[in-house]
Amino acid sequence: MTPNQAKLYIGKVGEDIVNEAINFTEKTPDWFDAKKDGRIGYLTYEVKTLRINHRDQGFWMPENQWKKLDGVDLFFIVKVPEEVEEGLRLYQMVNHHKNYTIVHHGSKRFRNYLFTKCMPYDIITDDRVKSVMEASQSLQTWKKK
């Protein structure tokens with residue numbers, strides 16, 4: 001699986017999880033919609049499937065995603081686990097327009113969406129857990145010791 005295929009796969013699984021777990025979702029028909037991933041009634045939402053940054057206890061979001069996140073009503077995060085037994089965990093970021101800090105990594109800025117401000121929704125324990133973990137690990141630029 002190429003890095004681009006891995007990213008697309010991880011993103012699709014995250015969107016599918018939200019669609020399965022939350023009633024009345026309507027995914028946007030355009031996979032590359034620059035404004036939202038879907039709607040729940042009149043509310044727009046965005047889904048990100050991410051690993052947690054343990055040092056900062058949050059989910060890092062690059063600057064090129066800020067406008068999209070600022071433009072939606074709801075922000076869902078599917079947390080990629082460190083171990084298969086944890087499952088994929090679905091959260092809604094509470095008050096996502098304010099519950100973040102800015103972190104710098106080299107010359108880049110990221111928003112760190114605080115894990116303590118995430119409201120749990122569901123835990124997924126099917127075969128997708130292992131495949132998302134493997135796809136995510138293939139994208140790692142650092143290695144655990």
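The values are calculated or read from the model by the stated rules, or taken from the named source; none is laboratory data. If you're wondering where the values come from, they're calculated on a predicted model, not measured in any experiment. So basically every Cβ, Gly included, is an ideal-geometry build from the backbone, and we count neighbours across all protein chains shown. These accessible areas exclude ligands, DNA and RNA; they are computed on the full protein's heavy atoms, side chains included. Shrake-Rupley method; radii C 1.70, N 1.55, O 1.52, S 1.80 Å.
Overview of results
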| item | result |
| --- | --- |
| Span from the segment 1-54 Cα centroid across to the segment 109-139 one, whole angstrom | 12 |
| Greater than 23 Å apart at Cα, pairs in K12/K36; K98/K130; K7/K67 | K98/K130 |
| Net charge of Cβ neighbours under 14 Å - reference N19; Lys, Arg +1; Asp, Glu -1 | -2 |
| Chymotrypsin sites (Phe, Trp or Tyr not before Pro) within segment 76-145: DSSP coil, no more than 11 neighbouring Cβ in 10 Å | W142 |
| In segment 1-78, trypsin sites (Lys or Arg not before Pro) in a DSSP loop with at most 12 other beta-carbon atoms within 10 Å | K35, R55 |
| In segment 1-75, chymotrypsin sites (Phe, Trp or Tyr not before Pro) in a DSSP loop with at most 12 other beta-carbon atoms within 10 Å | F24, W31, F32, Y42 |
| Apportionment of accessible area to carbon and sulfur, segment 41-143, percent (1.4 Å) | 53 |
| Eligible aspartates and glutamates near K27 by straight Cα distance, threshold 19 Å, same-chain separation 8 or greater | E15, D16, D37, E46, D70, D73, D122 |
| The chain, dipole about Cα centre (Lys/Arg Cβ +1, Asp/Glu Cβ -1), debye to the nearest 20 | 740 |
| Listed residues S131, I102, Q57: farthest to the positive end of the dipole of segment 47-145 (Cβ charges) | I102 |
| The chain - accessible surface per residue (Å², probe 1.4 Å) | 61 |
